[in-house]
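K.L.:
Dumping the structure here so I can ask a few things about it.
The values are calculated or read from the model by the stated rules, or taken from the named source; none is laboratory data. No experiment lies behind these values; they were computed from the predicted model shown. Here the Cβ positions follow ideal geometry from the backbone for every residue, glycine too, while neighbour counts run over all protein chains shown. Ligands, DNA and RNA are excluded from the accessible area calculation, which covers all protein heavy atoms including side chains. Shrake-Rupley method; radii C 1.70, N 1.55, O 1.52, S 1.80 Å.
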Number of protein chains: 2
Amino acid sequence: MKAAVIQQQNRATVADNHQHSIEQIRQAAKQGAKLVVLQELHSGPYFCQVEATDFFDLAEPLDGLTRTTFEALARELDIVLVCSIFEKRATGVYHNTALVMDGDNGFAGFYRKMHIPDDPGFYEKFYFTPGDADRIGFTPIDTKVGRLGVLVCWDQWYPEAARLMALAGAELLIYPTAIGWDMSDDDDERSRQLGAWQIVQRGHAVANGLPVLVPNRVGVEVASDGNEINFWGNSFIAGPQGELLAQANADEETLLLVDIDMARSESVRRIWPFLRDRRVDAYHELTKRLID
Amino acid sequence: MKAAVIQQQNRATVADNHQHSIEQIRQAAKQGAKLVVLQELHSGPYFCQVEATDFFDLAEPLDGLTRTTFEALARELDIVLVCSIFEKRATGVYHNTALVMDGDNGFAGFYRKMHIPDDPGFYEKFYFTPGDADRIGFTPIDTKVGRLGVLVCWDQWYPEAARLMALAGAELLIYPTAIGWDMSDDDDERSRQLGAWQIVQRGHAVANGLPVLVPNRVGVEVASDGNEINFWGNSFIAGPQGELLAQANADEETLLLVDIDMARSESVRRIWPFLRDRRVDAYHELTKRLID
């Protein structure tokens, strides 16, 4: 199954961003991609660098412009497409939401980011209500290319999220992402951060015997207060033993396309049957904040 | 804090194995190590390559020869020492158990392997009763060098185990290991397996903001039925962002010693406060075998 992730930089307008994404998606489909994944909040800037109420104007409903635009494209090309929006669910309740379009079947479902970060330059707790635990939670979405475990960015640091998706039958793990460097960190720290980010997600692939697809933003975005994030790109696709199948660099817009062997998870889980040996009788304290 | 892991091959007798370990531990202590970790079942061969009742003769009680030998050494050198034994707990109940000696405080505690593998050449379910969920489970052990999250080999594939140790306050993750290649696999598969093994454990370091120490066996061991395992060494120590601090190769006995900055976890967990944002309201299904 050919799959692609698109790494892009932010442009001046939503229309410009959509136009670039559409060109890349068409290119991917032309090369045989059946699944294409866009990065986190690909319609606009990464506005969470500062806390400003005006940015709520960027939000759109579940059935807004991003969905109508990309659902039509997914139908036309008959490919599975994973998009990301700043969702206005109600006045005062906004989410960071991924949308899944299932080719000519149309809209297949959505996922609301469950783990919300908050650290200097990434003030997401101000903007995003965490996804409901009891409504959608960690529920994979069925499509023509398989059952997709769609998560978003900060979720990528949580083995619990990947595992719950795998237990619910996800066949691929997908993380639309917007992560970058604070350029006041030195080279060693930047290298460790990038390494950690990739390792933890490849680790989820290994622990769950599933491929993982990660498109990340690229380029520098400067906020009104002068805050700069250098989005580190390095979008990648890894196989079910965590092996890198493809990886972009830190500087360039990239269409990353690989052939994923969807039968490989079956053989990997046969030689390493981790799910068989889980100690479900001994995991109940995972629902605690701390064991103290 | 200087810490060491010892990668060694199996010798003809328990006495020979102990002698080599003792020499290496003395060497490590001489170089300033305050913590030394031995590999899984370091007193003897990796007997689980075949199922044979005679091998139960190799088992020893919790306070057997391995403990008395290495507890005395730990006291003498005043270092923390993590050992591994085939434990006879009762007639018909055997465990794969790690022992922790806390320098001149003596024996500090033990951990019984919770996840037990079973695949061709690694017939551990025949030999090892899984650790009790309600007695010790995933409980870290306090020592002079900190609270140790001691786990064993197959546990290393389970994010749940690492997380439970971290939630209970572990300051280091430790995995005595015996893993190797089936030489009928081709080079690519062997490379993927080694990579997966290292990535998943470095991933635990990242997800939990903790250093991880992993001594693994090295050398070929041939069983009575001709089964060969080429233990792949590659013992390593990684920091709390999963960064490699030291790594042995696949061929040689090695004393791997590094200085671990125990204050680093504090700063890493401040910049990436993953534990803060866990969705403990949404993890209850982690105690299910599958969500189907």
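K.L.:
Is one or more of the residues making up region B:181-196 under 14 Å from the mean Cα position of the chain (by Cα), more than 19 Å from B:ALA3 (Cα to Cα) and open to solvent by 10 Å² or more (accessible area, probe 1.4 Å)? First the steps, then the outcome.
P.N.:
First, pick out the residues of region B:181-196 that are under 14 Å from the mean Cα position of the chain (by Cα): none.
Looking for residues that are under 14 Å from the mean Cα position of the chain (by Cα), more than 19 Å from B:ALA3 (Cα to Cα) and open to solvent by 10 Å² or more (accessible area, probe 1.4 Å), one finds none in region B:181-196, hence no.
K.L.:
Looking at region B:255-286, which of the residues that are open to solvent by less than 30 Å² (accessible area, probe 1.4 Å) and within 30 Å of B:ILE22 (Cβ to Cβ) is nearest to the chain's Cα centre (by Cα)?
P.N.:
Selected residue: B:LEU256.
K.L.:
Output the residue which, of all residues in region A:137-151 that are touching a residue at least 40 places away in the same chain (Cβ under 8 Å) and within 13 Å of chain B (Cβ to nearest Cβ), is farthest from B:LEU275 (Cα to Cα).
P.N.:
A:GLY149
K.L.:
Here is a follow-up. Quick one: is B:ASP134 open to solvent by 30 Å² or more (accessible area, probe 1.4 Å) and either at pLDDT 95 or above or within 13 Å of chain A (Cβ to nearest Cβ) (or both)?
P.N.:
Yes; evaluated as a whole, the condition is true for this residue.
K.L.:
Take B:VAL150 and decide whether it is open to solvent by 40 Å² or more (accessible area, probe 1.4 Å) and under 29 Å from B:LEU73 (Cα atoms).
P.N.:
Against the criterion (open to solvent by 40 Å² or more (accessible area, probe 1.4 Å) and under 29 Å from B:LEU73 (Cα atoms)), B:VAL150 does not qualify.
K.L.:
Now a separate question. Hey, among B:VAL14, B:VAL5, which residue is of a type in the set (A, V, I, L, M, F, W, C), buried (at least 18 other Cβ atoms within 10 Å of the Cβ) and either in contact with a strand residue (DSSP E or B) (Cβ under 9 Å, 6 or more places away or on another chain) or at pLDDT 95 or above (or both)?
P.N.:
Going through B:VAL14, B:VAL5 in turn, the sole match is B:VAL5.
K.L.:
Would you tally the residues in region B:160-180 being open to solvent by 20 Å² or more (accessible area, probe 1.4 Å) and either in contact with a His (Cβ under 7 Å, 6 or more places away or on another chain) or in a helix (DSSP H, G or I) (or both)?
P.N.:
Number of matching residues: 0.
K.L.:
Of everything in region B:97-145, what is out of contact with any helix residue (DSSP H, G or I) (no Cβ under 7 Å at 6 or more places or on another chain), farther than 17 Å from B:VAL36 by Cβ and not in a loop (DSSP other than H, G, I, E, B)? Give them in sequence order.
P.N.:
Hits for region B:97-145 are B:THR97, B:ARG112, B:LYS125, B:PHE126, B:ASP142.
K.L.:
Moving to a separate point now. So which of B:ALA246, B:ALA223, B:ALA282 ends up being within 14 Å of chain A (Cβ to nearest Cβ) and either modelled with pLDDT of 95 or more or touching a helix residue (DSSP H, G or I) at 6+ places or on another chain (Cβ under 7 Å) (or both)?
P.N.:
So the residue among B:ALA246, B:ALA223, B:ALA282 that is within 14 Å of chain A (Cβ to nearest Cβ) and either modelled with pLDDT of 95 or more or touching a helix residue (DSSP H, G or I) at 6+ places or on another chain (Cβ under 7 Å) (or both) is B:ALA282.
K.L.:
In addition: Determine whether region B:86-97 contains at least one residue that is closer than 25 Å to B:ALA4 by Cβ, more than 14 Å from every other protein chain (Cβ to nearest Cβ) and among the aliphatic types (A, V, I, L, M).
P.N.:
no
K.L.:
Residue by residue through region B:78-92, note down the ones that are open to solvent by 10 Å² or more (accessible area, probe 1.4 Å) and out of contact with any Asp or Glu (no Cβ under 9 Å at 6 or more places or on another chain).
P.N.:
B:ARG89, B:ALA90, B:THR91, B:GLY92
A quick yes/no check of all residues on (1) under 22 Å from A:GLU228 (Cβ atoms); (2) in contact (Cβ under 8 Å) with a residue 40 or more places away in the chain; (3) surrounded by fewer than 17 Cβ atoms within 10 Å (Cβ to Cβ):
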position: A:GLU40; (1), (2), (3): yes, yes, no
position: A:PRO45; (1), (2), (3): yes, yes, no
position: A:GLN49; (1), (2), (3): yes, yes, no
position: A:ALA52; (1), (2), (3): yes, yes, yes
position: A:PHE55; (1), (2), (3): yes, yes, no
position: A:LEU58; (1), (2), (3): yes, no, no
position: A:GLY64; (1), (2), (3): no, no, yes
position: A:ARG67; (1), (2), (3): no, yes, no
position: A:LEU73; (1), (2), (3): no, yes, no
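K.L.:
Restricting the search to region B:222-239, which residues are more than 15 Å from the chain's Cα centre (by Cα) and open to solvent by 10 Å² or more (accessible area, probe 1.4 Å)?
P.N.:
Within region B:222-239, B:VAL222, B:ALA223, B:SER224, B:ASP225, B:GLY226, B:ASN227, B:GLU228, B:ASN230 qualify.
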